[in-house]
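S.K.: I am attaching a structure below and will ask some questions about it afterwards.
The values are calculated or read from the model by the stated rules, or taken from the named source; none is laboratory data. As the structure is a computational prediction, the values presented were derived from the model and not from experiment. Cβ: placed from backbone, ideal geometry, glycine included. Neighbour counts: every protein chain shown.
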Amino acid sequence: MRSIGIGLIALFAVLLLPFTVAAQDDVQAAVTKKIEEALAHHKAGEAQKAIEALQEAIAEIEKSQSKGLGTFLPKAPSGWKAGEIESNSMSFTAGGQGAGQFLQVTRDYWREKENGAREETIQVSLTNAPQMVQAQQAMANMYKNPQMLKALQSQPGKSVELIEEDDWFGWLVVENDDATVTAFCNGCLVTVTGSNEKNIRMIWDGFDLKGLAGSELIGSKKK
């Protein structure tokens with residue numbers, strides 16, 4: 001029992017590391033209270049109540065981190081509208097490599113016709129998921145290969161442009177009527193998807209890339 005309790009404390013100490021530095025004191029206090037409640041339930045043999053308290057603590061952390069990530073999303077350009085920032089999370093297990101959590105914020109940007117109907121929509125997502133970034137490394141290595149990049153660019157109706165900016169690496173792929181920017185830095189993955197290359201670039205340029213690259217929310221370390 002004692003070893004499990006110590007393990008819970010260590011687990012949430014790591015989980016709270018980026019959170020405690022940047023979050024408000026009242027949120028930190030709420031999380032700490034839930035963790036203490038979970039440990040008390042655990043010592044009393046009330047496993048389900050302990051789990052529920054831990055889940056509530058995680059929800060508080062995710063809420064704070066989502067709010068922080070959302071501040072880095074672009075503002076609506078002139079003549080455009082921006083939807084509400086939506087957030088979601090997903091837990092996963094990786095065999096013997098332990099468990100993890102994906103945290104994602106998304107937002108739509110659009111222009112309207114005179115009748116109020118959407119004329120064009122661009123979807124933006126910002127995902128704090130080191131495991132997803134690792135999965136993109138193979139694609140990045142392919143794009144970094146000059147011969148492979150040349151072969152991709154020679155395909156009819158398709159163009160690929162590499163992006164290297166403020167510690168971000170990615171690519172802009174334009175294929176037929178679709179355009180997508182995919183880029184990553186540290187443990188963060190950004191995608192911008194739409195049907196107009198010019199407007200995709202406009203939304204991409206609205207990101208605070210330097211600020212996001214230096215944020216502890218995506219695993220950066222303060223120097």
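Listed here are the residues, each with its yes/no results for (1) surrounded by 13 or more Cβ atoms within 10 Å (Cβ to Cβ); (2) farther than 22 Å from residue 121 by Cα.
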{"position": "143", "(1), (2)": "yes, yes"}
{"position": "149", "(1), (2)": "yes, yes"}
{"position": "157", "(1), (2)": "no, no"}
{"position": "163", "(1), (2)": "yes, yes"}
{"position": "167", "(1), (2)": "yes, yes"}
{"position": "171", "(1), (2)": "yes, no"}
{"position": "176", "(1), (2)": "no, no"}
{"position": "180", "(1), (2)": "yes, no"}
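S.K.: Same structure again: I'd like the full set of residues that are in a helix (DSSP H, G or I) and touching a residue at least 24 places away in the same chain (Cβ under 8 Å), limited to segment 108-138.
M.R.: Answer for segment 108-138, where residues must be in a helix (DSSP H, G or I) and touching a residue at least 24 places away in the same chain (Cβ under 8 Å): 130, 131, 132, 133, 136.
S.K.: Can I ask one more? Please indicate, with yes or no, whether at least one residue in segment 11-18 is in a helix (DSSP H, G or I) and at pLDDT 60 or above. Before you say what the answer is, go through the steps one by one.
M.R.: To start, the set of residues in segment 11-18 that are in a helix (DSSP H, G or I) comprises 11-18.
Narrowing the set further to residues that are at pLDDT 60 or above leaves none.
No: segment 11-18 contains no residue that is in a helix (DSSP H, G or I) and at pLDDT 60 or above.
S.K.: Right, here's the next one. So, restricting to strands (runs of 3 or more DSSP E) that lie completely within segment 139-214, which ones have at least 3 residues that are more than 19 Å from the chain's Cα centre (by Cα)? Full working, then the answer.
M.R.: Details: elements: 158-165, 168-175, 178-185, 188-194.
Strands (runs of 3 or more DSSP E) meeting the threshold: 158-165, 168-175.
S.K.: If we keep just the residues of segment 45-100 that are buried (at least 18 other Cβ atoms within 10 Å of the Cβ) and over 26 Å from residue 124 (Cα atoms), which is modelled with the highest pLDDT?
M.R.: The qualifying residue modelled with the highest pLDDT is 50.
S.K.: Sticking with this structure for a sec: Within segment 97-114, does at least one residue satisfy the condition of being out of contact with any Cys (no Cβ under 6 Å at 6 or more places or on another chain), under 17 Å from residue 209 (Cα atoms) and among the hydroxyl-bearing types (Ser, Thr, Tyr)?
M.R.: Step one: list which residues in segment 97-114 are out of contact with any Cys (no Cβ under 6 Å at 6 or more places or on another chain), which gives 97-114.
Within this subset, residues satisfying the condition of being under 17 Å from residue 209 (Cα atoms) are 104-107.
Next, from what is left, pick out any that are among the hydroxyl-bearing types (Ser, Thr, Tyr): 106.
The answer is yes; a qualifying residue exists.
S.K.: Ok, one more. Tell me, which residue of segment 182-205 that is among the small types (Gly, Ala, Ser) and either crowded, with 17+ Cβ neighbours inside 10 Å or closer than 15 Å to residue 127 by Cα (or both) is modelled with the lowest pLDDT?
M.R.: Going through the qualifying residues, I end up with 187.
S.K.: Another question, if that's okay. Would you say residue 174 is touching a helix residue (DSSP H, G or I) at 6+ places or on another chain (Cβ under 9 Å) and aliphatic (A, V, I, L, M)?
M.R.: The answer is yes for residue 174.
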